[in-house]
Amino acid sequence: ANGYYRSRWVKCIWSSHDLSDMVFIDNRIFNKDVYIQFNSTVGHFVGYTEHGVYNAQRYNNDPNILQQERAEVERYCKHNAEIDQSTIIGKS
């Protein structure tokens, strides 16, 4: 009601069976508005508010953070998509 709402929404998008078009998107949300986003296709953070722009600059200047976010396509997205696909194929 009178508080603040902060969340993080991570999603993986793909359409091919070989997962070659996999995209990782990491949204940081405050009061239901995305203030900063990492998109693996873009390869860096983009800020959408004053606070988001400030943090995007900080994150983009830290090679460790960028490397970690870029690796999420393989570590998180493709790993889980392969499990999901094997489960679906196994049920056929």
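The values are calculated or read from the model by the stated rules, or taken from the named source; none is laboratory data. Given the structure is predicted, the values throughout are model-derived calculations rather than measurements. As a convention, Cβ positions derive from the backbone with ideal geometry for all residues, glycine included, and neighbour counts pool all protein chains shown. In case anyone asks, the SASA skips ligands and DNA or RNA and just uses the protein heavy atoms, side chains included. Shrake-Rupley method; radii C 1.70, N 1.55, O 1.52, S 1.80 Å.
Relative to the current alpha-carbon distance between Thr87 and Arg70, full extension at 0.36 nm per residue lengthens the span by 3.5 nm. Solvent-accessible area of the chain (1.4 angstrom probe, protein heavy atoms only): carbon and sulfur portion equals 51 percent. A simple charge model with +1 on the Cβ of Lys and Arg, -1 on the Cβ of Asp and Glu and nothing else charged puts the dipole of the chain at about 280 debye relative to its Cα centre. On C-alpha positions alone, give me the angle between the axis of helix 79-91 and the longest principal axis of the chain, in degrees, nearest 10. It works out to around 40 degrees.
Our helix-only sum for the chain, with -39,500 (n - 2.57) per DSSP H run of n ≥ 4 divided by its residues, gives a mean residue ellipticity at 222 nm of -11500 deg cm²/dmol.
Find the percent of Cα-Cα distances in the chain that exceed 20 Å, and round it to a whole number. Mind showing how you got there, number by number?
Numbers: 1847 of 4186 pairs.
Above the 20 Å cut-off, the chain has 44 percent of its Cα pairs.
Here the chain is scanned for chymotrypsin sites (Phe, Trp or Tyr not before Pro) in DSSP loops (not H, G, I, E, B) that have at most 14 other Cβ atoms within 10 Å, and the longest stretch holding none of them is 6-92. For the chain, the solvent-accessible area with a 1.4 angstrom probe is 72 square angstrom per residue. Once the Cα-Cα distance is subtracted from the 0.36 nm per residue extended length, the Asp33 to His17 segment shows a gain of 2.5 nm. Which residue fluctuates most in the GNM of the chain (Cα springs below 10 Å): Ile25, Ile36, Ile13? Judging by the Gaussian network model, the answer is Ile13.
You can think of it this way: the chain between Val53 and Ser7 has 14.8 nm of extra reach, that is 0.36 nm per residue less the Cα-Cα gap.
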